[in-house]
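Here is the structure we will look at, set down as structure tokens.
The values are calculated or read from the model by the stated rules, or taken from the named source; none is laboratory data. Small disclaimer: the values here were computed from a predicted structure and weren't measured. Here the Cβ positions follow ideal geometry from the backbone for every residue, glycine too, while neighbour counts run over all protein chains shown. These accessible areas exclude ligands, DNA and RNA; they are computed on the full protein's heavy atoms, side chains included. Shrake-Rupley method; radii C 1.70, N 1.55, O 1.52, S 1.80 Å.
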Amino acid sequence: MQQVTILGATGSIGVSTLDVIQRHPDRFSVFALSSHSRVEKLYHQILTFEPKYAVVATPQQAQKLQAQVASQGCQTQILAGPEGLVAVASASEVDQVMAAIVGAAGLLPTLAAAQAGKRVLLANKESLVSAGKLFMDAVRDNGAELLPIDSEHNAIFQCLPAQWQAKQRGPLFSKGVSKILLTGSGGPFRETPIAELANKTPAQAVAHPNWSMGQKISVDSATMMNKGLEFIEACRLFDAKPEQIEVVIHPQSVIHSMVQYSDGSVLAQLGQPDMRTPIAHAMMFPERGQSGVEPLNFADIAKLEFLPPDFNRYPCLRLAIEACQQDQESCTLLNAANEVSVARFLAGQIGFTDIAAVNGEVMATGTDIRITVLDDVLAIDQHGRALAEQFCAQR
Ligand code: NAD
Ligand code: MG
């Protein structure tokens, strides 16, 4: 029986993970669940899954929730704050940790899971983008197993040579791989006249044509910063250089990414746009099992289209690729700036095109901090957030 901790259980990925777990009661048991603000939703999850622990943001919330669950005869112990998250991510009983907190807030517990040598199911791309090599080193040095949940990276993983999958390390390009083709739908504004983008509202930006996701990643999909973060994520996960990754717009989201080999073969992974497929793949790897996702019906798929990205439409994608080409510090800084600018956009305080403008201003300002230890990552993250707040306030 695999014991699973879900960090960010009340979010879109957390709920899909619980759906997969419910289909395999003989295989998985929930050790811990966490939520930041949706305590009511967490309460219902606790009563259904009866985890050993649950984690909320503050001691006050924990105390209240503890009384509620106890009154229902439930034994779950409620913890609070970042210490609680780290404890349930690294507890000795745990086999797998689903890292599904949104943003760099997920970094410390995800890193703790890697340091404790767990199977880390990585949805929280921001933590890898922010910490980069430090995170990958923690995985390697502690014998952790890192399996990508992001649908593109999970697709790429599935298309890689079996020897690489088994060990999950080393440059791919010695194994006959010539390119990673990272696909993305282009989001809800793919055909919107560029001049109209400035007036797009949060409600329009989060209405993704193919995927149902949390708010932040939905906005990132509209700006294609999501693909930019995924570009950086792919470089780190697969030990690839920026020139070995190509972004391809594929509006139907049927192909989830591809790997091109030196003999001319291209392998692709296809499926419904439903995160339960990559979640089930990673949780049961190297075996396969039910995810609840319907198979593709090829008669229904009229066509598959592919286009190059237009950087005038998606300046955030360009910023991310440039950051990836520059250095880790730029990636950490950009991720922090983007978390702030997206939050300000969602709060109605800046416009849609201000997101890229603010991110660009932060990148142009830069940082003198160099990363050698985790505190340097946290310092650049703080610096990027402070700069972005300042530039947002000037808009
Ligand atoms: P979401 O907003 O639906 O859920 C986020 C979860 O994180 C919630 O449980 C929330 O309580 C928790 N959380 C938020 N802020 C927190 C904080 N400061 N401290 C602790 N917990 C906090 O987001 P989501 O769509 O499920 O995405 C989660 C992660 O997975 C993101 O990094 C996203 O990029 C990635 N991802 C999501 C999808 C998808 O389809 N939703 C696909 C690929 C990758
Ligand atoms: Mg993705």
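For the stretch 40-64, which residues satisfy the criterion of being assigned to a loop (DSSP other than H, G, I, E, B) and basic (Lys, Arg)?
Once the filter is applied, which keeps residues that are assigned to a loop (DSSP other than H, G, I, E, B) and basic (Lys, Arg), the stretch 40-64 yields only Lys52.
Yes or no: the stretch 188-199 includes at least one residue that is within 16 Å of ligand 1 (Cβ to nearest atom) and either farther than 23 Å from Ala347 by Cα or not small (Gly, Ala, Ser) (or both).
Yes, some residue in the stretch 188-199 is within 16 Å of ligand 1 (Cβ to nearest atom) and either farther than 23 Å from Ala347 by Cα or not small (Gly, Ala, Ser) (or both).
Sort out which residues of the stretch 190-221 are among the aliphatic types (A, V, I, L, M), assigned to a loop (DSSP other than H, G, I, E, B) and either open to solvent by less than 50 Å² (accessible area, probe 1.4 Å) or away from ligand 2 (no atom under 16 Å from the Cβ) (or both), and write them in order of number.
Val206, Ala207
Does the stretch 162-170 contain any residue that is at pLDDT 95 or above, on the phi > 0 side of the Ramachandran plot and part of a loop (DSSP other than H, G, I, E, B)?
no
In this structure, is Gly132 out of contact with any Gly (no Cβ under 6 Å at 6 or more places or on another chain) and away from ligand 2 (no atom under 16 Å from the Cβ)?
yes
Can you find even one residue in the stretch 58-68 that is under 18 Å from Ala100 (Cα atoms) and not acidic (Asp, Glu)?
no
For the stretch 285-302, does any single residue satisfy the condition of being in contact with a Phe, Trp or Tyr (Cβ under 9 Å, 6 or more places away or on another chain) and under 30 Å from Ser174 (Cβ atoms)?
Within the stretch 285-302 (the criterion being in contact with a Phe, Trp or Tyr (Cβ under 9 Å, 6 or more places away or on another chain) and under 30 Å from Ser174 (Cβ atoms)), the answer is yes, since at least one residue qualifies.
Of all residues in the stretch 141-157 being of a type in the set (S, T, N, Q) and within 14 Å of ligand 2 (Cβ to nearest atom), which is surrounded by the fewest Cβ atoms within 10 Å (Cβ to Cβ)?
My answer is Ser151.
Considering only the stretch 1-55, state which residues are without any contact (Cβ under 8 Å) to a residue 40 or more places away in the chain, within 13 Å of ligand 1 (Cβ to nearest atom) and of a type in the set (D, E, K, R).
Result: Arg38, Glu40, Lys41.
Here are some residues: Ala105, Ala100. Which one is within 16 Å of ligand 1 (Cβ to nearest atom) and touching a Gly at 6+ places or on another chain (Cβ under 8 Å)?
Ala100
Consider the stretch 209-221. How many of its residues are more than 8 Å from ligand 1 (Cβ to nearest atom) and at pLDDT below 95?
The total comes to 2.
How many residues does the stretch 322-368 contain that are hydroxyl-bearing (Ser, Thr, Tyr), part of a helix (DSSP H, G or I) and surrounded by fewer than 24 Cβ atoms within 10 Å (Cβ to Cβ)?
So the count comes out to 3.
Might you let me know whether the stretch 3-18 holds any residue that is at pLDDT 95 or above, outside any loop (DSSP other than H, G, I, E, B), more than 24 Å from Ala131 (Cβ to Cβ) and open to solvent by less than 20 Å² (accessible area, probe 1.4 Å)?
yes
Every residue in the stretch 47-103 that is within 18 Å of Val15 (Cβ to Cβ) and of a type in the set (Asp, Glu), please.
Scanning the stretch 47-103 gives a single hit, Glu50.
Pick from the stretch 19-61 the residues that are open to solvent by 10 Å² or more (accessible area, probe 1.4 Å), over 25 Å from Gln290 (Cα atoms) and hydrophobic (A, V, I, L, M, F, W, C): which of them is nearest to the chain's Cα centre (by Cα)?
Ala57
Could you check, for the stretch 291-312, whether at least one of its residues is open to solvent by 50 Å² or more (accessible area, probe 1.4 Å), part of a helix (DSSP H, G or I) and in contact (Cβ under 8 Å) with a residue 24 or more places away in the chain?
Among the residues of the stretch 291-312, not one is open to solvent by 50 Å² or more (accessible area, probe 1.4 Å), part of a helix (DSSP H, G or I) and in contact (Cβ under 8 Å) with a residue 24 or more places away in the chain, which makes the answer no.
Got a number for residues in the stretch 172-187 being part of a strand (DSSP E or B) and away from ligand 1 (no atom under 16 Å from the Cβ)?
Of the residues in the stretch 172-187, 5 are part of a strand (DSSP E or B) and away from ligand 1 (no atom under 16 Å from the Cβ).
Can you name the condition, by its number, that Val177 falls short on among (1) of a type in the set (A, V, I, L, M); (2) buried (at least 19 other Cβ atoms within 10 Å of the Cβ); (3) within 16 Å of ligand 2 (Cβ to nearest atom)?
(3)
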